[in-house]
1. Among the candidates LEU296, LEU284, LEU305, single out the residue that is free of Cβ contacts under 8 Å to residues at least 24 places away in the same chain, open to solvent by less than 70 Å² (accessible area, probe 1.4 Å) and closer than 21 Å to HIS206 by Cβ.
2. Would you pick out the residues in segment 208-235 that are β-branched (Val, Ile, Thr), surrounded by 24 or more Cβ atoms within 10 Å (Cβ to Cβ) and away from the ligand (no atom under 12 Å from the Cβ)?
3. So for segment 20-43 (the condition being assigned to a helix (DSSP H, G or I) and modelled with pLDDT under 95), does at least one residue qualify?
4. For ARG402, indicate whether it is of a type in the set (Lys, Arg) and open to solvent by 60 Å² or more (accessible area, probe 1.4 Å).
5. Name the residue, out of GLY168, GLY137, GLY179, that is on the phi > 0 side of the Ramachandran plot, assigned by TED's automatic domain parsing to the domain that holds PHE117 and under 19 Å from the mean Cα position of the chain (by Cα).
6. Could you say which residue among ALA195, ALA169, ALA178, ALA186 is more than 16 Å from the ligand (Cβ to nearest atom) and within 23 Å of THR342 (Cα to Cα)?
7. Looking only at segment 308-364, filter to residues that are assigned to a loop (DSSP other than H, G, I, E, B) and without any contact (Cβ under 8 Å) to a residue 40 or more places away in the chain; which one of those is most open to solvent (accessible area, probe 1.4 Å)?
8. Does ALA178 satisfy the condition of being crowded, with 24+ Cβ neighbours inside 10 Å and at pLDDT below 95?
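The values are calculated or read from the model by the stated rules, or taken from the named source; none is laboratory data. The model shown is predicted, which means the values in this text are computed figures rather than measured ones. FYI the Cβ positions are ideal-geometry reconstructions off the backbone, even for glycines, and counts take in every protein chain you see. Heads up: the accessible areas ignore ligands, DNA and RNA and are worked out on the full protein's heavy atoms, side chains in. Shrake-Rupley method; radii C 1.70, N 1.55, O 1.52, S 1.80 Å.
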Amino acid sequence: MSGKVEIMETVLRDGQQSQIATRMPIADMLPILDKMDAAGYHALEVWGGATFDSCIRYLNEDPWERLRTIRKHVPHTKLQMLLRGQNLLGYKNYADDVVTAFVKKSVENGIDIIRIFDALNDVRNLKTALDATKAAGGHAQLAICYTTSEFHTIDYFVKLAKQMADMGADSLCIKDMAGILTPQKAYDLVSGIKAEVTIPLEVHTHATAGMAEMTYLKAVEAGADIIDTAISPFAGGTSQPATESTLVALADLGYTTPVDQKLVADIADYFGPIRDRFRDEGGLNPRVKDVQPKSLLYQVPGGMLSNLLAQLKAQGNEDKYLDVLEEVPRVRADLGYPPLVTPLSQMVGTQALMNVLSGERYKLIPNEIKDYVRGMYGRPPVAIAADIQHQIIGDDEVITTRPADLLAPQMPDFEAGAKPYAKSMEDVLMYGLFPEQGRDFLGRREDPFYDVPLETVTVDLD
Ligand code: CO
C-alpha cells in the first residue's frame, strides 16, 4: 500500500460532543492549542454541531469568542465546523438571509472549512449555505448523511455525490453519524464516488458498533483522502477511532501522513487528565466507551440508544426499551427512511416512544413530525405512503418547494428582538438561532441583575 492520508482531529467538536455532551470549556482547550496547530493535521474540527448551543446553554461562554480565541492560537491549521444546512446550528429551517449572514460571520471569525449536511440529503437545503461559504472565501464541504434502506444503494449515494460536486462543493464527506457504515460498504462507496468525482473525499464515522477502524482501512484502500479521528482520551465508543493508533497502523501499512506522532502523543497526555476529571465528576458516562453492536441491528445511532433509555428510565418504563427500539426502524420506514441525524433522530425517537407508550401507533404525534410530513423539512428520501400521510396530517397540503422558499427574511426581526442586549451582528445571530438561551446569555453578560440559571440536559446527535 502507498499514498497519502490526511487526518482531521475531532476532539474539540465531535469527540467531546459524543462523549461528554459537548461540555468542554475553552479553558480545557487553550493550553494545548499551539501543539495541535503544530501537529500537521489536515484540519481541526472546533465549532458547529452542538458546540454553539452548548456554550450559551450550559457553559456561559460566548461561542463566537471561543472561535476567535481558537483562531488566535491556531494560526496555521485549518479550522473546521459542522453546519446543519438550512438549519444552521439549530433544529428548523431559517430564511436565506439568516443562513447567509451566519455563514459569513463564521468565516469572518475564523472558520476555514464548513462541512454542510442536510438531514434528508435534500440538496436544495444545502445550496444557500454552499453559496454563502464560497462567497465568504471559505471551503465548502458537502456531506452525504449515510444511512441504510433498500433505497439507499451505492448507486444512489454516488449519484448524490456527483450532484454535490456539480453544485460546486470544494470537497465531499461521507458522514456516518451512526457508526453503521460497514468496511465493505465503505470500500464500495468510496470507490464508486472516487470514480465519478475528482474533488477530495473525507470519511467520517463513529466507533459505536466496533467497526470503525476496519471501515477506515477499507475507505483508505479505496482512495479516501481524509479520515476523521479523535485523540485517544476522547476516542472509541460513541466517538471516532483514536488518532494515535490510526497513525501507527497507517504508517505500518506504508501510507504517509503529515502528522507528527510525537506531538500527537503529547496532545493525548494533555487530554488524559481532562477525560479523567469529566469521568470523576460524572460528565463522562463510562457507557459511552462501550461497544454497541445493537446499533447495527436497529440501525440506530449509539447516542440515540442511550437517550431513549434515559427517557424511559425517567418515566419508569425501562421494560419498554426493546419495544421502542424495534419501533424506531418501523417509524423510519413509515416516514420515508430519513437518516437518523439531528433533528430527525430526535423526532423519529420521540414518535417511536409515543407509539409504544400510548399503546396505539400515531395516536399522539409531535408537531415536528406533522411538519416533516407536510414537507417542511424537505423531501424525504422515499415518498411517504398515502395512508401514513393521511393518518399523520389528514388532508393537509404537502409542499414540494424548497421549504426556505416560504420564509420571508428574518434578520430584521432578529435585530429588533436582540436589541436590548446585542452589541454586534454575532449577538443578533445568537439570539436569532436560540431566542431563549441567546437572550439569557446576553442578559447575563450585559445586565448584572439578570438572574436565569444555566440548563443541564442534552440530546444532539451529529
Ligand atoms: Co459525527
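1. Values: LEU296 fails: free of Cβ contacts under 8 Å to residues at least 24 places away in the same chain; LEU284 fails: free of Cβ contacts under 8 Å to residues at least 24 places away in the same chain.
Matching residue, one of LEU296, LEU284, LEU305: LEU305.
2. Residues of segment 208-235 β-branched (Val, Ile, Thr): 208, 215, 220, 226-227, 229, 231.
Keeping just the survivors that are surrounded by 24 or more Cβ atoms within 10 Å (Cβ to Cβ) gives 208, 215, 220, 227, 229, 231.
Once the filter is applied, which keeps residues that are β-branched (Val, Ile, Thr), surrounded by 24 or more Cβ atoms within 10 Å (Cβ to Cβ) and away from the ligand (no atom under 12 Å from the Cβ), segment 208-235 yields THR215, VAL220, ILE227, ILE231.
3. yes
4. On the way: of a type in the set (Lys, Arg): yes; open to solvent by 60 Å² or more (accessible area, probe 1.4 Å): no.
The answer is no for ARG402.
5. Details: GLY168 fails: under 19 Å from the mean Cα position of the chain (by Cα); GLY137 fails: under 19 Å from the mean Cα position of the chain (by Cα).
Every option except GLY179 fails the conditions.
6. Values: ALA195 fails: within 23 Å of THR342 (Cα to Cα); ALA178 fails: more than 16 Å from the ligand (Cβ to nearest atom); ALA186 fails: more than 16 Å from the ligand (Cβ to nearest atom).
That would be ALA169, the only listed residue that is more than 16 Å from the ligand (Cβ to nearest atom) and within 23 Å of THR342 (Cα to Cα).
7. Step one: filter segment 308-364 for residues assigned to a loop (DSSP other than H, G, I, E, B), giving 315-317, 335-343, 358-364.
Of the ones still in play, those that are also without any contact (Cβ under 8 Å) to a residue 40 or more places away in the chain are 316, 358-364.
Working: GLY316: 61, SER358: 35, GLY359: 69, GLU360: 102, ARG361: 90, TYR362: 15, LYS363: 125, LEU364: 90 Å².
In this case the residue turns out to be LYS363.
8. yes
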